[in-house]
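Okay, structure first, notes after.
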Amino acid sequence: MSFELPKLAFLLPRNAEYVGQWHTVPIGLSRQFQAQAESRLFLIDAALLAGRLPRRGRFGHKGTYGHALLLLGSRGKIGAAVLATQACLRSGVGLLTVRTPAVGYDILQTSAPEAMALTDPAADFLSELPELTPYSAIGMGPGIDKADSTKVVLEQLLRTAQVPLVLDADALNLLGANPDLLALLPPDSILTPHPKEFERLSGSARDDYHRLELLREFCHKHRCYTVLKGAHTCLGTPTGELYFNTTGNPGMATGGSGDVLTGLLTALRAQHLSALDAALLGIYAHGRAGDLAARHTGEVGLIAGDLTRFIGPTLQELTTPDAF
Ligand SMILES: NC(=O)C1=CN([C@@H]2O[C@H](COP(=O)(O)OP(=O)(O)OC[C@H]3O[C@@H](n4cnc5c(N)ncnc54)[C@H](OP(=O)(O)O)[C@@H]3O)[C@@H](O)[C@H]2O)[C@@H](O)CC1
Ligand SMILES: Nc1ncnc2c1ncn2[C@@H]1O[C@H](COP(=O)(O)OP(=O)(O)O)[C@@H](O)[C@H]1O
Ligand SMILES: [Mg+2]
């Protein structure tokens with residue numbers, strides 16, 4: 001018998017095998033999984049998220065909603081920077097500053113005039129960390145590439161940041177290639193690897209069940225929240241819970257979808273949501289935006305930029321449940 005993974009999480013006591021995004025799990029392992037995970041498996045659905053996203057106060061101003069810094073892009077991958085920037089802007093942040101290499105300046109200022117551009121002195125890759133004092137959360141990764149100068153920026157960020165971090169893409173690959181940097185990870189950072197990036201961070205998994213075990217170990221060891229992305233994105237927490245997402249569709253299997261998630265999560269962290277609330281809301285809203293977008297474009301025609309247009313309605317839906 002086979003079940004989609006989210007349903008499976010609650011059926012394991014009776015059904016010791018599952019098939020889903022993570023394929024088939026041997027019967028013994030499923031029992032072991034169930035035994036270990038008793039009551040620490042959750043679905044990310046609207047019910048779980050109720051009350052987690054505060055309404056905007058009548059007298060709120062841009063200072064109320066935080067100032068995010070995004071470190072993004074390299075030559076040829078400024079598109080990733082644009083996508084993360086637009087998503088961040090659509091996710092309620094009060095102010096956004098974007099750091100790209102110089103090659104990104106004109107593109108960013110044109111495609112996202114609401115964001116401030118704080119251009120790196122280097123032409124093609126990030127090479128210097130800016131002053132961090134103004135910011136309430138920092139996201140780094142989409143499109144940055146793995147230049148030596150960018151590794152130095154990441155290390156400086158990990159050593160000096162006093163505010164929540166969201167790390168994605170080559171920020172994760174640089175951590176994987178330089179595991180000593182993992183010890184510098186500030187507690188409650190959010191990491192957003194897809195399975196290949198997660199493999200670079202924590203080694204290869206024997207099977208999909210083992211990958212979830214590695215996820216648990218990784219989050220515990222590094223005191224971080226890790227968003228293992230896929231068809232049923234799974235959030236691992238430092239305390240061992242696993243949360244499986246229920247939104248999203250295969251139309252989101254298109255370049256840049258993950259860059260959008262980085263911008264969204266950074267905006268939520270900048271607004272002073274806890275790492276857990278930001279991760280749960282961000283994961284769900286990202287998939288839900290994909291579902292709303294697909295109603296307009298179809299799954300086949302969906303592109304990552306479409307997601308950004310539906311983040312607003314999705315977050316509205318989560319703050320005012322009766323509005324739709
Ligand atoms: N417009 C722009 O500027 C864009 C810029 N971008 C930027 O490019 C950079 C490189 O990012 P990247 O993720 O494409 O490269 P990489 O780490 O080699 O991983 C690719 C491999 O991972 C795997 N894989 C992925 N998902 C999986 C899953 N769910 N389940 C299983 N496997 C999965 C899969 O491996 P395969 O199965 O093919 O062996 C796939 O081939 C990054 O900085 C990003 O921000 C992009 O966002 C695009 C738009
Ligand atoms: N089949 C799918 N169903 C639902 N969501 C998906 C599917 N495929 C990919 N996604 C989502 O799309 C995003 C892809 O992220 P990522 O691999 O980092 O892409 P990129 O680096 O191109 O932006 C993730 O959030 C993932 O959960
Ligand atoms: Mg990615």
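The values are calculated or read from the model by the stated rules, or taken from the named source; none is laboratory data. From a predicted model like this one, the values you see are computed outputs, not experimental measurements. For neighbour counting, all protein chains shown are included, and Cβ atoms are generated from backbone atoms with ideal geometry for every residue, glycine included. When the accessible area is computed, the model is the full protein with side chains, heavy atoms only, and any ligands, DNA or RNA have been set aside. Shrake-Rupley method; radii C 1.70, N 1.55, O 1.52, S 1.80 Å.
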With the structure loaded, tell me whether Leu268 is closer than 16 Å to Arg90 by Cα, more than 14 Å from ligand 3 (Cβ to nearest atom), assigned by TED's automatic domain parsing to the domain that holds Leu165 and surrounded by fewer than 23 Cβ atoms within 10 Å (Cβ to Cβ) or whether it fails that test.
no
Being surrounded by fewer than 24 Cβ atoms within 10 Å (Cβ to Cβ) and farther than 15 Å from Ser136 by Cα is the filter here; which residues of the range 62-76 pass it?
Arg75, Gly76
Cross-chain or 6+ apart pairs with Cβ under 7 Å, the range 253-264 first and within 6 Å of ligand 2 (Cβ to nearest atom), then at pLDDT 95 or above and open to solvent by 20 Å² or more (accessible area, probe 1.4 Å)
Gly256/Gly79; Gly256/Leu83; Gly258/His194; Gly258/Lys229; Asp259/Leu83; Leu261/His286
Some residue of the range 208-222 being closer than 20 Å to Ile283 by Cβ and within 16 Å of ligand 3 (Cβ to nearest atom):
no
Working carefully through the options Ser136, Ser189, find the one that is assigned by TED's automatic domain parsing to the domain that holds Leu72, over 17 Å from Arg75 (Cβ atoms) and touching a Cys at 6+ places or on another chain (Cβ under 6 Å).
Ser189
Within the range 71-105, track down each residue that is within 14 Å of ligand 3 (Cβ to nearest atom) and either closer than 17 Å to Leu268 by Cβ or within 15 Å of the chain's Cα centre (by Cα) (or both).
Leu72, Ala80, Ala81, Leu83, Ala84, Ala87
Out of all the residues in the range 132-140, is one or more of a type outside the set (A, V, I, L, M), farther than 20 Å from Thr100 by Cβ, within 16 Å of ligand 2 (Cβ to nearest atom) and within 17 Å of the chain's Cα centre (by Cα)?
no
Selection within the range 275-284 - more than 16 Å from ligand 1 (Cβ to nearest atom) and either closer than 20 Å to Glu197 by Cβ or free of Cβ contacts under 8 Å to residues at least 60 places away in the same chain (or both):
Ala275, Leu276, Ala278, Ala279, Gly282
Return the residues of the range 88-106 that are open to solvent by 20 Å² or more (accessible area, probe 1.4 Å) and not small (Gly, Ala, Ser); say none if nothing qualifies.
Leu89, Arg90, Leu95, Val103, Tyr105, Asp106
Taking Leu292, is it within 16 Å of ligand 1 (Cβ to nearest atom), assigned to a helix (DSSP H, G or I) and modelled with pLDDT of 95 or more?
no
Quick one: would you say Ser257 is within 16 Å of ligand 3 (Cβ to nearest atom) and either within 14 Å of the chain's Cα centre (by Cα) or more than 17 Å from Ala87 (Cβ to Cβ) (or both)?
yes
Which of the residues spanning the range 289-300 are surrounded by fewer than 24 Cβ atoms within 10 Å (Cβ to Cβ) and either touching a residue at least 24 places away in the same chain (Cβ under 8 Å) or not assigned by TED's automatic domain parsing to the domain that holds Ser189 (or both)?
Asp291, Ala294, Thr297, Gly298, Glu299, Val300
Of all residues in the range 155-174 being part of a loop (DSSP other than H, G, I, E, B) and not β-branched (Val, Ile, Thr), the one that is nearest to ligand 2 (Cβ to nearest atom):
Asp168
For the range 200-212, check the following and say yes or no: at least one residue is among the hydroxyl-bearing types (Ser, Thr, Tyr), touching a residue at least 60 places away in the same chain (Cβ under 8 Å) and either within 28 Å of Gly298 (Cβ to Cβ) or surrounded by fewer than 23 Cβ atoms within 10 Å (Cβ to Cβ) (or both).
yes
Of all residues in the range 223-254, count the ones that are within 16 Å of ligand 3 (Cβ to nearest atom) and of a type in the set (Ser, Thr, Tyr).
3
One residue is enough: does the range 129-147 have a residue meeting the conditions more than 23 Å from Gly305 (Cα to Cα), outside any loop (DSSP other than H, G, I, E, B) and free of Cβ contacts under 8 Å to residues at least 24 places away in the same chain?
no
